[in-house]
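The values are calculated or read from the model by the stated rules, or taken from the named source; none is laboratory data. Here the structure is a predicted model, which means the values were calculated and not measured. Reconstructed Cβ throughout: ideal geometry from the backbone, glycine too, with neighbour counts over all protein chains shown.
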C-alpha cells in the first residue's frame, strides 16, 4: 500500500509534525509497512510555503513585537534582525521537513505526466484550472503525476490525502481514493486492515486462477477408475479437457510471514479410454468356475469431477503473489460404465478374456 501526501498535509501540521494525530499516522504506516510518497513539486511547495508562512507572521511586527516574539521562543538573541530571525526559522522548519522525509523513508516521486493532458486541462479550465485558480500548474502536475502513477501500477493499493477542493474533485472524476485528513485515512486503515491485500488479490485473481489451472494440468498423478464391471477396468489415455475455477477464497492471512492461504474449488473435465469385457458376451464355465468373454469393450469416457485445492501464496511488500505450496485434496475419481459417462463404444474381437 502507498499513500501520497499533498502539501496541505504538512502545512496543516504547522510544519512541526508533533501532534498526536500526525505521530499516530506515521507510526501506523511504519508498523504496517505502508509506503509514504510525495511528488517532487510537493517538496518544493512545502519549503516555499514555510518561507511565506514565516514572512506573513514576521512582516507586520515592529521591533518591540519582534523582540517579544524572539524572547517567547527562546534560545535566540533579542537583538536579531527580522531578516536574520526569519532565515533561522525558515531553515529550522525546512530541516524539520527534511528530517521527517528521511526518518520515515518518504519517497519523493519525480514528476511524470502527459503534457497534452496538462495543456488540455489548462485551455478547458478544468480542475485544477478553475476560474478562481487559472494558473495552478504545480497542482495540475501533482495531480497528473499521481493519476499516471496509479494507472501505471494497477496492482498497487494507492490512496491520497488532501483537503484541497480541486484535488478532491479531480480524485472523484478519475476514481482514485482520496482522504481529506490524516485522521480520515488512519481511521479507515485501522478498520480495514486487509484492504490492500484484498484489492491486490482481486486485481491478480485471473492470474492466480491461470496458475492453478496450469498446475493441475501439469499434475501427472490424477487417476480415473471404475469397478462397474465383473472384471477390473483398464483405464488409459487420461486427458484433462478443461478446468473451471468454481470458487476462490482467502482462508487465512499471516501478515507477519507474508503468507496467505487460498482454497480453490475446481471442476475438471476428463476424458479417457476404458477397456473391459463386453457384459453382453460374458459366459460362465461351471466346470472351470470362470467367466470368459470373446469381446472387449473400448469406450471413450467423459466425466466432470470436482475437488478442492489448497494453495499457500507468499507476497512481497507490493502484494505481488508467488505460489509456494499447492495441494489437491482428491486425486482419484471413480466413474461408472453407463450412459452418463460413456461417449462411444467400440468392440474388439480377439483372445478369450477369462476372469
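For the range 240-269, give me each residue that is in contact with a helix residue (DSSP H, G or I) (Cβ under 8 Å, 6 or more places away or on another chain) and under 12 Å from residue 313 (Cα atoms).
250, 253, 260, 262, listed by residue number.
Looking only at strands (runs of 3 or more DSSP E) that lie completely in the range 284-355, which have at least 3 residues being in contact (Cβ under 8 Å) with a residue 12 or more places away in the chain and under 30 Å from residue 251 (Cβ atoms)?
290-315, 321-328, 332-334
Only one of 295, 234, 291 is touching a helix residue (DSSP H, G or I) at 6+ places or on another chain (Cβ under 8 Å) and surrounded by 12 or more Cβ atoms within 10 Å (Cβ to Cβ). Can you tell me which? Before the answer, list the steps.
Working: 234 fails: touching a helix residue (DSSP H, G or I) at 6+ places or on another chain (Cβ under 8 Å); 291 fails: touching a helix residue (DSSP H, G or I) at 6+ places or on another chain (Cβ under 8 Å).
Result of the check over 295, 234, 291: 295.
Scan the range 42-62 for residues that are buried (at least 16 other Cβ atoms within 10 Å of the Cβ) and either part of a loop (DSSP other than H, G, I, E, B) or modelled with pLDDT under 90 (or both) and jot them down.
53, 54, 58
Any idea which of 306, 283, 267 is surrounded by fewer than 16 Cβ atoms within 10 Å (Cβ to Cβ) and more than 24 Å from residue 246 (Cα to Cα)?
Within the list 306, 283, 267, the selection yields 283.
Give 12, 19 a once-over and let me know the one that is free of Cβ contacts under 8 Å to residues at least 40 places away in the same chain and assigned by TED's automatic domain parsing to the domain that holds residue 140. Outline the logic, then answer.
Values: 12 fails: free of Cβ contacts under 8 Å to residues at least 40 places away in the same chain.
19 is the lone residue from the list that is free of Cβ contacts under 8 Å to residues at least 40 places away in the same chain and assigned by TED's automatic domain parsing to the domain that holds residue 140.
Keeping to the range 27-41, report how many residues are buried (at least 18 other Cβ atoms within 10 Å of the Cβ), in contact with a strand residue (DSSP E or B) (Cβ under 8 Å, 6 or more places away or on another chain) and not in a strand (DSSP E or B).
Matching residues across the range 27-41 total 2.
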